[in-house]
Amino acid sequence: MDILIKPIVTEKMTGQTDVLKCYGFIVDKRANKHQIKQAVEEMYSVSVVSVNTMRYGSKTKSRYTRSGMVRGRTAAFKKAIVSLAEGDVIDFYSNI
C-alpha cells in the first residue's frame, strides 16, 4: 500500500513548517498513524515525534456553463500533519 500520496505545499503549511517544524501530507485513507510515521521516516530519513490525522469528506460542487448546469463531487482524502524532532528538516524542493 502506497501510504504517502503527496506533500502539501501551501502558504499556510510553509508557515507552520517555519514556526512549528510540522509538515503536511495527503495520505492513503486506510493508513494509520504508525504506518504514516514509518513511511515518513523511511522516505526522508528523519525522526518523527508525532502524527496528527484529519479526514476530509467529499463535497458536491456545481457551476453554470453554456450548456447548462454541471454537477460533480470532489474527492475525499486524509491529511496527516507530521512533527519532526529538533534539528530534522525535510526539503521538498531538492529534486527540482
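With respect to the chain, whose longest principal axis is taken over its alpha-carbon atoms, helix 11-20 is tilted by about 20°.
When the Gaussian network model of the chain links Cα atoms closer than 10 Å, the mean-square fluctuations of 50, 67, 58 top out at 67. Under a 5 Å amide H cut-off, with hydrogens placed 1.01 Å from N, residue 47 pairs with 85 among residues at least 5 apart or on other chains. Sites counted here are trypsin sites (Lys or Arg not before Pro) in a DSSP loop (not H, G, I, E or B) having no more than 14 other Cβ atoms within 10 Å; the longest part of the chain that contains none of them is 67-96.
The residue list 32, 76, 10 was ranked by how far each Cα lies along the charge dipole of the chain toward its positive end, using unit charges on Cβ atoms, and 76 comes out on top. Residues of segment 75-92 with an amide N closer than 19 Å to a point placed 7 Å from the Cα of residue 6 along the Cα-to-Cβ direction: 75-82, 91-92. Stretching residue 29 away from residue 70 to a fully extended chain increases their span by 12.0 nm, per 0.36 nm per residue minus the current alpha-carbon distance. Rounded to the nearest 10 degrees, the inclination of helix 33-44 to the longest alpha-carbon principal axis of the chain is 70 degrees.
Readers should treat all values here as calculations from the given coordinates under stated rules, not as data from a laboratory. Predicted model only: the values in this text are computed from it and were never measured. Here the Cβ is made from the backbone with ideal geometry for all residues, glycine too, and neighbour counts use every protein chain on show.
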